[in-house]
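Written below as structure tokens is the structure these notes are about.
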Amino acid sequence: MKPIDFLRNYLNEIKPIEMDDNTFLKYRYLDNHLDSFAIIQFIMAIEDEFGISLLPEDTESEEFRTIEGVIKIIETKKEL
């Protein structure tokens, strides 16, 4: 599954997301979608789905704040 599809499906299960892909890529989901416990579950789901490990540097980065940034992190980790 493509990262954008996985992220949309995952977040949509928590709270419906009605936006096109371009808007979704810029979406700052941490501001509106996840509480602190849900963030941990989100990180674990990403790691499981894509077979990667997210480090604190990844999850505390500005990139991790938007869907587009999370996709970049996933793609970079998958290349390693």
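Values quoted throughout were computed directly from the atomic coordinates according to the rules given, and no laboratory measurement underlies them. These figures come from a predicted structure and were not determined experimentally. Cβ atoms come from the backbone with ideal geometry, glycine included; neighbour counts cover every protein chain shown.
The per residue volume of the convex hull around the alpha-carbon atoms of the chain is 88 Å³.
For the residues Asp20, Asp58, Asp48, a GNM of the chain with alpha-carbon springs under 10 Å puts the largest fluctuation on Asp20.
Taking the highest mean first, how do the peptides 4-11, 59-66, 34-41 order by number of other beta carbon atoms within 10 angstrom per residue? Spell out each step's value before the answer.
Values: 4-11: 16.6, 59-66: 14.5, 34-41: 12.0.
Top to bottom by mean Cβ count within 10 Å: 4-11, 59-66, 34-41.
Each Lys and Arg Cβ is given +1 and each Asp and Glu Cβ -1; about its Cα centre, the chain then shows a dipole of about 100 debye. Partner aspartates and glutamates whose Cα lies under 18 Å from the Cα of Lys26, excluding those fewer than 8 positions away in the same chain, are identified as Asp5, Glu18, Asp58, Glu60, Glu62, Glu63, Glu68, Glu75.
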